[in-house]
Structures are given as structure tokens and as C-alpha cells.
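Chemist: Got a structure here, written out as C-alpha cells. Questions coming.
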Amino acid sequence: MTAPGSPDIEAAAVIAATATTLLGARLSPADAEQLGNAALAALRADGWSVQVDLGRVRAAPLLWSCDLPVLAGLARGRAVAEIAAATQTPTATVRGRILRLRARIGAPNAAAAVAIAYRHGWMAGLAPEPRRPIVLSSRERQALALLADGLGNAALAQALGMSPAQATECLRRLYTALNVTTSTRAPVRAHAVALGFQHGLLPLPATRSPQDPTP
């Protein structure tokens, strides 16, 4: 156990108390203590930061230093090979970092990962890309929000009430309006989402915790 009064012991104690409340006599105090410590260790080992807030444990995904250049590259519409070259990292390593980051923060794809990054304030240090005033139709705005939620082609078309072909055309118009990088290997949707946040087309939370990504 950690020293009494430390954040770790408080978090483990909250987990143990919650388990005891839920399981009652089926869980001994010693087992509850062991469960609290094991749960805390597992969360930290999986890359989560753990805090106690008013008697409740809050676990938030921990952002690693290598994640910021990757997220910034995706937000700029750069392909994996371009991010690898810019960071002097093997392409396979960058690809692995993207997959692990997505798993850690619960992002189904790169577009959702970029959206999560903006909503957490991780991209606050990335300068917006200059654009002329962007005008989107209501359907294009809706499509942009769905991209930020990580929807795939079929789900996006269904949410828009369109056929797959119509949804593809809607996205094409959206990318044109945003002047998105459209190379075949570029993360087009991630770039569109980033531009959406940069130019006020997607809402940012009222409070953010800025960190400075590599442009």
C-alpha cells in the first residue's frame, strides 16, 4: 500500500469501499483492499491517470509525449509516412502509436481521435490553418459533426438519411468547402474535423487544458 493520505491510497480506498458496498459480506475487508490496489495498478499500467473527486474515482486517458506530434500530424492531414518523416520515426512505429492511442482514448478512427484531442484541449497549441470564410449547408455541418463522432460510411449515410452515393457526394462538397488535403493516403476525415474545430464549425468545451503539440 502507498503512504496514508496519498492520492493512490485514496483512490484505492474508494474502489475498495465501492466494491464492499456492492458485494457486502461476499467480500472481506482484506479482499476489498487487494481489489482496490489491483484495480488502481491495472488502470495506471494501461495508461490512465486516476484522481479522487468527491469520493469517486475518475480515470482519464493519459496522453503520452509521443502522441502530440502524431495527433498534430493527423490534424494537418498528413499521411503516416509524412508524420514518420517529420518525427524521424519508423513508419511502422507511427502506425502502431496511432492504433495504441486510439485504443487508449476510445477513438474508432483517426477523425474521432482528432476530435477527442480538440475537446480535451490537447491541440490548443496548434495554430489554425488559414482559410477564407467557410460556408457549409446544414447537411454538410451535420456530416462534419458525424465525422467527429467517428461514424463510418454506412452509419454516416444512415444518420444523414441518404444513400451511400449521396453521402459520399455530401462529403466531397464538405471537403471542397474546407479545402481539405485529399491525397489518397492522407487522413482526409481527420483533417476535416481539425479544420472544423479551428474555424468554429464544431464546438469546443468552455474550459480546456492546453498542451503544445508539434505543428
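Chemist: Given the peptides 110-120, 164-174, arrange them by the average over their residues of other C-beta atoms within 10 Å, most packed first.
Modeler: Sorting 110-120, 164-174 by mean packing, highest first, produces 110-120, 164-174.
Chemist: Using the Karplus equation 6.51 cos²θ - 1.76 cosθ + 1.60 (θ = phi - 60°), what ³J(HN,Hα) coupling, rounded to whole Hz, does each residue of the range 175-189 give in order, writing x for Gly and Pro?
Modeler: Taking θ as phi minus 60°, the curve returns 5, 5, 5, 7, 6, 7, 5, 10, 5, 4, 9, 7, x, 4, 5 Hz for the range 175-189.
Chemist: Determine the share of the range 87-215's accessible area contributed by carbon and sulfur atoms, expressed in whole percent, with a 1.4 angstrom probe.
Modeler: Carbon with sulfur: 53 percent of the solvent-accessible area.
Chemist: May I ask you to rank Trp64, Trp122 by accessible area, largest first, using a 1.4 Å probe over the protein chains only?
Modeler: Trp64, Trp122
Chemist: Further question: Three principal axis extents, largest first, for the C-alpha atoms of the range 60-215, in Å?
Modeler: 40, 33, 30
The values are calculated or read from the model by the stated rules, or taken from the named source; none is laboratory data. Everything numeric here is computed off the predicted structure, so don't read it as measured data. So basically every Cβ, Gly included, is an ideal-geometry build from the backbone, and we count neighbours across all protein chains shown. Accessible surface is based on the protein model in full, side chains and every heavy atom, while ligands, DNA and RNA are left aside. Shrake-Rupley method; radii C 1.70, N 1.55, O 1.52, S 1.80 Å.
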